[in-house]
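I have placed the structure first, in the form of structure tokens, so that the comments after it can refer back to it.
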Amino acid sequence: WMMVMAFVSFVQVLQALSKIPLDWPNELTEFFKILQIASIPGFFTVFELRSECIMGTSTIAALIRDAAIPLIPFFNFGVIFLIFLCLGKKLYKPYVLNVIASVIVGFFVSICAMAVQLFPYEQMPAPNTKRFVRAMPGVELYSSTWYSCLPITLLAVVVYCGGSFVYVLRGVVIAPRRVTEDETFAEQYDFILGDINPAAWWWIVINLSYAFILSLIQAISGDVFVQIYMSMLLLTCIILIQLAVQPNVHRSVNNVEITLSLTNLVFLIFATAFFKEEDLLAQDTALHAWIMIAVIGLVLVFTVFSIINWVRDALKSTPLGKAARVAFRARDVMTMLSQLPESKFLGLASQMQESDRQLLKRTTDMLVGVFLKQQASKSLFRQRVIPGAEFKVWDPAGTAAEAYKHVRSKEAHKALEENARIRGKVRILADDLRKARIGPVTVARHVEAANHRLEERQEARERAEEIAENGGKVGIIRRVKDQMDSIKKKMLAIAAKTPVLAGAKHFLSVFFGGSFVLKMTCDQYLKEVRKGHCRLNDDELKQIFNVFDVAGDGKVGISDFFHLLSAMAPPEGYTDDDEEQEWDEKTEAEDKEAGGMNRSQTNLTSVSYPPISPQDTGAGLGMGAGADADDVGISFKGSDQADNNEKNEQSAAELQPSPEPEPGAESNAAPQNKQEDEQEEEEHTISV
């Protein structure tokens, strides 16, 4: 049935395009007479229905006759209603409304052409300057007869075009919610929802807009060049949208509709060979040039905005963060699906449409190729290039047997439990960091400062060794190098305080990676996390770090780290698809004033999760009495072994579990942290 309606629409569009005033050859003229049946005035001509005997021969009478044709379904159901009333029965209202709407929508191209038939005109040959209505050759444009017919035309446009748009648009807007609440809604709007891709239920609005704009092009301009070129542009846009959306649930229907639209486009392309000679001589080349410039400009603007949008999305999250967000969401859904009983799963699967089945098939092929590193099929068109993997075709029966084996042996349960424990630890870590207002900017600032201090110490050692080799004298080369290093430090300091330069650095890290990406080691990670008074012990934190260390080089990008936290532990109620993580961070001034991210000075509502028991996180939420001081791994202060031991002992003492501080005790945390920073600065000065 959808193919039949697609063919009916194709005939209506072809009949509307045949009204473009070209020098059509006789063969096409005879062919167009057959297409007249697709138009309302042509319907009376082809079937020789003589309404003049009843309504008269005036122009207004013919216009009223045409405007009354779309009311036939209402008249028919009125008669059926009286018959049912006599029989003591009632018509089912949703079915009646659906049938009427289906008829109007199915013939909307012809209805729009009828509604605006008073506006398309033809210019008489020079020197005659008169213009006559194309559908009514005896009516001159803007004459008294034309104005007497205008109210009927405007009423038809408002009722048929505007009324149809309002009714359809209302159904499209409320469909996602009403279809789940009202059982009769789907029956009343079956002309919108039936055999349509559920993800493209709004396609009917595109169809109606296409039909109305096609008729409007011929109504607003008498220039044959504008009519044919604008019609070609409209058809091209519709074809591109249809290729991207695939609105019908059946692929064959989509292919037929696209083929018919391409046929109309080819028809217009070849129709350019039939321009009249007077039209070619009188054409406004400047107007056509401006139209070409406008089209090219729109394409350029679209391209620029697409690039800007792509850059904006790329700057919001790293590639690893984007992949993790989508992958973990999909994995959570698949975990929920694995718990469904087979009967319920099959019942829900039976409700999939053809487009859903095709999409699920492509998704399965992607999962097999990306995660199992196998080819989805022997068919070349379903295979993909998988670098570094052995060429192996996926065996669905083997996968089903292996899955059954894992479930029966409880291996799947163990893997799910382990994954759940890790997710629970990540949730605790993310919650603690959000409470402490520690985010990517804060951590990056600290790591950069630590790396800068290490570089200074290394440079100081190299300088001292070089001076010692020269007998205590500073050479010219060393002086030049010291001067260059001084300039470099000043430039880096300026860049850190300049938003434009800092943004450029972030841009380079996103699009070029490599050395531009700021990474942290496990020791740096532990030190920064401890500033948030994390409830996990070192072993649990290291386990999370190893999970996030995708490259296996002992380092994790700071941006990747927080994006992975957002993906595995999103804030409660966060349903937005935005790729940007939400971290309320301390400013640099607050960081310095707090003396190193003191959690006691934060006053934010944390993210609430369901209670997590110690069994869910392996070793529990506390630090654990057996925490080893060496697990802290702080290697940023001083180079002497005694200093390192002293710092490790101090850190181990700080990390021991302690009861909640009494009121007033937290006020000493900031001076203590400040004292540690002063001691660190003093050690750094002595080292230099």
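A few comments on the model shown:
- Matching residues in the range 201-233 - criterion: being part of a loop (DSSP other than H, G, I, E, B) and without any contact (Cβ under 8 Å) to a residue 60 or more places away in the chain: Trp201, Trp202, Ser221
- Some residue of the range 286-295 being under 30 Å from Met2 (Cβ atoms), touching a residue at least 24 places away in the same chain (Cβ under 8 Å) and part of a helix (DSSP H, G or I): no
- Elements of type helices (runs of 4 or more DSSP H) in the range 1-79, at least 2 residues being modelled with pLDDT of 80 or more, within 42 Å of the chain's Cα centre (by Cα) and β-branched (Val, Ile, Thr): 2-17
- Just one of (1) at pLDDT below 70; (2) within 47 Å of the chain's Cα centre (by Cα) fails for Val529. It is (1).
- Taking the criterion of being β-branched (Val, Ile, Thr) and under 15 Å from Phe191 (Cβ atoms), the residues of the range 75-104 that qualify are Val96, Val99, Ile100, Val103, Ile104.
- Considered as a group, the residues in the range 368-383 that are exposed (fewer than 14 other Cβ atoms within 10 Å of the Cβ) and of a type in the set (A, V, I, L, M) include one that is modelled with the highest pLDDT, and that residue is Val370.
- Contacts under 6 angstrom Cβ, first residue in the range 326-337 being in contact (Cβ under 8 Å) with a residue 60 or more places away in the chain, partner surrounded by 12 or more Cβ atoms within 10 Å (Cβ to Cβ) and part of a helix (DSSP H, G or I), 6 or more apart: Phe328/Ala567; Phe328/Met568
Every residue, every condition in (1) assigned to a loop (DSSP other than H, G, I, E, B); (2) among the basic types (Lys, Arg); (3) surrounded by 12 or more Cβ atoms within 10 Å (Cβ to Cβ); (4) at pLDDT below 80, yes or no:
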{"site": "Ile438", "(1), (2), (3), (4)": "yes, no, yes, no"}
{"site": "Val443", "(1), (2), (3), (4)": "no, no, yes, no"}
{"site": "Glu456", "(1), (2), (3), (4)": "no, no, yes, yes"}
{"site": "Ala460", "(1), (2), (3), (4)": "no, no, yes, yes"}
{"site": "Glu465", "(1), (2), (3), (4)": "no, no, no, yes"}
{"site": "Arg478", "(1), (2), (3), (4)": "no, yes, yes, yes"}
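- Residues of the range 331-347 classified as open to solvent by 80 Å² or more (accessible area, probe 1.4 Å) and either among the hydroxyl-bearing types (Ser, Thr, Tyr) or at positive phi (or both), total: 2
- Of all residues in the range 347-367, those satisfying the criterion of being acidic (Asp, Glu) and at pLDDT below 85 are Glu354, Asp356.
- Looking across the range 384-398, just one residue is out of contact with any helix residue (DSSP H, G or I) (no Cβ under 8 Å at 6 or more places or on another chain), in a loop (DSSP other than H, G, I, E, B) and surrounded by 12 or more Cβ atoms within 10 Å (Cβ to Cβ), and that is Ala389.
- Filtering the range 412-422 for residues that are modelled with pLDDT of 90 or more, closer than 30 Å to Val529 by Cα, open to solvent by less than 50 Å² (accessible area, probe 1.4 Å) and under 30 Å from the mean Cα position of the chain (by Cα) leaves a non-empty set.
The values are calculated or read from the model by the stated rules, or taken from the named source; none is laboratory data. These figures come from a predicted structure and were not determined experimentally. Virtual Cβ from ideal backbone geometry, glycine too; neighbours counted across all protein chains shown. Only protein heavy atoms, including side chains, enter the accessible area calculation; ligands, DNA and RNA are left aside. Shrake-Rupley method; radii C 1.70, N 1.55, O 1.52, S 1.80 Å.
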